[in-house]
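Have a look at the structure below before the remarks.
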Amino acid sequence: KKLYPLKKKLYCSRSPTDPDFGVASMAIFAGLLTFVSTLLALALRHLLRLLRSRAPDPAAAAGFFHPYTNDGGGGERVLWCAVRAVQDLCPDLPCAVFTGDADASPDGLAARALDRFGVRLLRPPQVVYLNKRKWIEASTYPRFTMIGQSLGSVYLAWEALNKFTPQFYFDTSGYAFTYPLAWLFGCKVLCYTHYPTISSDMAERVKQRKSMYNNNSLISGSIWLSRCKVLYYTIFSWLYGLVGSCAHLVMVNSSWTRSHIVNIWKVPERTKRVYPPCDTSALQMLPLERSTTPPVLISVAQFRPEKVCQLTIATKSVTRSYSSLTKVALPFCSLLSSGSWSSVGGICTCS
């Protein structure tokens, strides 16, 4: 009888509405979740080891994943400078280029590197042709373009590495989602990142509901669609950091890119800043003293949405409007905008 109140109290304390019961339940749930997560992690680790053990032994070669070898931009120059650097450092190490250009040939690529960029290769690279390049084209994914192209690059890299598995996998085009696959094939993964696929700036624009090239007015005009896109960007950013951390060596082209890559990939000790190999020899031949009448403003950039080339033209228009409104005579000048789109160069002029 004396113990009955104590027993009653103990039994009553296990009521689901009791706070202690909730804490105990959460502790049990957390323990089970930790146990299951540990088992899944061990199983995944074992699976990755199994897949890696069954992968073919990599060939003693450097493979450059660059699906577009005729874009004519700075990325292609980095490709050929990297190939030449490897040839200088390891003369006996073969170099191969993974490309989706069906008309590319070893001698043709070597000639292009010399004619277009002034980079003389010690010997023509091997060429590995890719037939699935359409899976990384933006036109294939009208919606969810980033994740579509990223997953498509994995499929393309699967084709590439099954055709030829190099000891060193060098990505010069920014396809970070291919790094875990290259790691599974036993490759050492190196990359040169010109621009992060996603950055905090992009997510911030969506949060502020700004209509831009990567955020159309339909989404920016809806608070719920904007929130969904922010969630999409958050998940993609986490995945981008996960796959990027698989690289053994990361090279970036600027301090701005490095800060974003370090923030997302979390591998600062493996991230090195290597400025782009710009050829200024032709510019050095220009005389410093020359006529500046009328003055000419020159803007050099690729004609791509993210370059916001129209801002340069808008600035020129504002200058003209300011002169008209304030009656302040400003010197006449011309704006020369030079760049390229796709593989075709172009120049446009406005006064």
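Before we move on, is T165 polar (S, T, N, Q), surrounded by fewer than 22 Cβ atoms within 10 Å (Cβ to Cβ), free of Cβ contacts under 8 Å to residues at least 12 places away in the same chain and more than 17 Å from N70 (Cα to Cα)?
On the way: polar (S, T, N, Q): yes; surrounded by fewer than 22 Cβ atoms within 10 Å (Cβ to Cβ): yes; free of Cβ contacts under 8 Å to residues at least 12 places away in the same chain: no; more than 17 Å from N70 (Cα to Cα): yes.
So T165 does not fit the description; no.
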Checklist entry - So which residues in the stretch 262-299 are over 25 Å from C309 (Cα atoms) and surrounded by 10 or more Cβ atoms within 10 Å (Cβ to Cβ)? => result V262, N263, I264, W265, K266, V267, P268, R270, T271, K272, R273, V274
Item to check | Considering residues of the stretch 100-149 that are more than 28 Å from R84 (Cα to Cα) and among the polar types (S, T, N, Q) only, the residue nearest to the chain's Cα centre (by Cα) | outcome: Q149
Item to check | Unmet criterion (only one of (1) surrounded by 16 or more Cβ atoms within 10 Å (Cβ to Cβ); (2) closer than 30 Å to G118 by Cα; (3) without any contact (Cβ under 8 Å) to a residue 40 or more places away in the chain) for A247 | outcome: (3)
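Given the condition outside any helix (DSSP H, G or I) and not aromatic (F, W, Y), answer yes or no: does some residue in the stretch 107-115 qualify?
Just the residues of the stretch 107-115 that are outside any helix (DSSP H, G or I), to begin with: none.
For the stretch 107-115, residues outside any helix (DSSP H, G or I) and not aromatic (F, W, Y): absent.
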Next on the checklist: I'm trying to understand the selection: among the residues of the stretch 153-199, which are assigned to a helix (DSSP H, G or I) and in contact with a Phe, Trp or Tyr (Cβ under 7 Å, 6 or more places away or on another chain)?
Outcome noted: S153, V154, Y155, L156, A157, A160, L161, A176, T178, L181, A182
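Test R209 against the stated conditions and say whether it is at positive phi, of a type outside the set (S, T, N, Q) and more than 16 Å from the chain's Cα centre (by Cα). Let's see the steps before the verdict.
Details: at positive phi: yes; of a type outside the set (S, T, N, Q): yes; more than 16 Å from the chain's Cα centre (by Cα): yes.
When the stated conditions are applied, R209 passes them.
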Next on the checklist: So if I check each of V97, V119, V78, V83, which one is assigned by TED's automatic domain parsing to the domain that holds H194, buried (at least 19 other Cβ atoms within 10 Å of the Cβ) and out of contact with any strand residue (DSSP E or B) (no Cβ under 7 Å at 6 or more places or on another chain)?
Outcome noted: V119
Checklist outcome for this item: For the stretch 83-100, pairs from a residue that is farther than 12 Å from Q126 by Cβ to a residue that is in a helix (DSSP H, G or I) and among the hydrophobic types (A, V, I, L, M, F, W, C), with Cβ under 9 Å and 6 or more apart or across chains, are R84/A113; G100/I136; G100/L156
Next on the checklist: List the residue pairs whose Cβ atoms are under 6 Å apart, where the first residue sits in the stretch 276-288 and is within 20 Å of G75 (Cα to Cα), the second is in a helix (DSSP H, G or I) and of a type in the set (A, V, I, L, M, F, W, C), and the two are 6 or more positions apart or on different chains.
Outcome noted: P277/C81
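Would you pick out the residues in the stretch 207-252 that are under 17 Å from W183 (Cβ atoms) and aromatic (F, W, Y)?
Step one: list which residues in the stretch 207-252 are under 17 Å from W183 (Cβ atoms), which gives 239-250.
Within the stretch 207-252, Y240 is the sole residue that qualifies.
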Checklist entry - Only one of these conditions is not met by D103: (1) modelled with pLDDT of 60 or more; (2) surrounded by 10 or more Cβ atoms within 10 Å (Cβ to Cβ); (3) not aliphatic (A, V, I, L, M). Which number is it? => result (2)
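Against the condition over 17 Å from A176 (Cβ atoms) and within 15 Å of the chain's Cα centre (by Cα), how does W256 come out, does it pass? Can you show your working first?
Values: over 17 Å from A176 (Cβ atoms): yes; within 15 Å of the chain's Cα centre (by Cα): yes.
The answer is yes for W256.
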Next on the checklist: Within the stretch 191-200, does at least one residue satisfy the condition of being surrounded by fewer than 19 Cβ atoms within 10 Å (Cβ to Cβ) and more than 21 Å from H248 (Cα to Cα)?
Outcome noted: yes
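Which members of the stretch 262-303 meet the condition of being of a type in the set (S, T, N, Q) and either in a loop (DSSP other than H, G, I, E, B) or within 17 Å of F117 (Cα to Cα) (or both)?
Here is the first cut: in the stretch 262-303, the ones of a type in the set (S, T, N, Q) are 263, 271, 280-281, 284, 291-293, 299, 302.
If the condition is that a residue be of a type in the set (S, T, N, Q) and either in a loop (DSSP other than H, G, I, E, B) or within 17 Å of F117 (Cα to Cα) (or both), then T280, S281, Q284, S291, T292, T293, Q302 are the ones that fit.
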Item to check | Complete set of residues in the stretch 241-261 that are farther than 20 Å from S153 by Cα and part of a loop (DSSP other than H, G, I, E, B) | outcome: N253, S254
Checklist entry - Exactly one of (1) at pLDDT 95 or above; (2) exposed (fewer than 15 other Cβ atoms within 10 Å of the Cβ); (3) of a type in the set (G, A, S) is unmet by A160. Its number? => result (2)
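I'd like to check something: does the stretch 100-107 contain any residue that is farther than 16 Å from H66 by Cβ and of a type in the set (S, T, N, Q)? Please lay out each step first, then the result.
Keep residues of the stretch 100-107 that are farther than 16 Å from H66 by Cβ, which gives 107.
Cutting the leftovers down to of a type in the set (S, T, N, Q) gives us none.
No: the stretch 100-107 contains no residue that is farther than 16 Å from H66 by Cβ and of a type in the set (S, T, N, Q).
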Next on the checklist: All but one of (1) out of contact with any Lys or Arg (no Cβ under 8 Å at 6 or more places or on another chain); (2) modelled with pLDDT under 95 hold for H66; state the number of the condition that does not hold.
Outcome noted: (2)
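The values are calculated or read from the model by the stated rules, or taken from the named source; none is laboratory data. For clarity, every value in this text was computed on a predicted model and none was experimentally measured. Methodologically, a virtual Cβ is constructed for each residue, glycine included, from the backbone with ideal geometry; neighbour enumeration extends over all protein chains shown.
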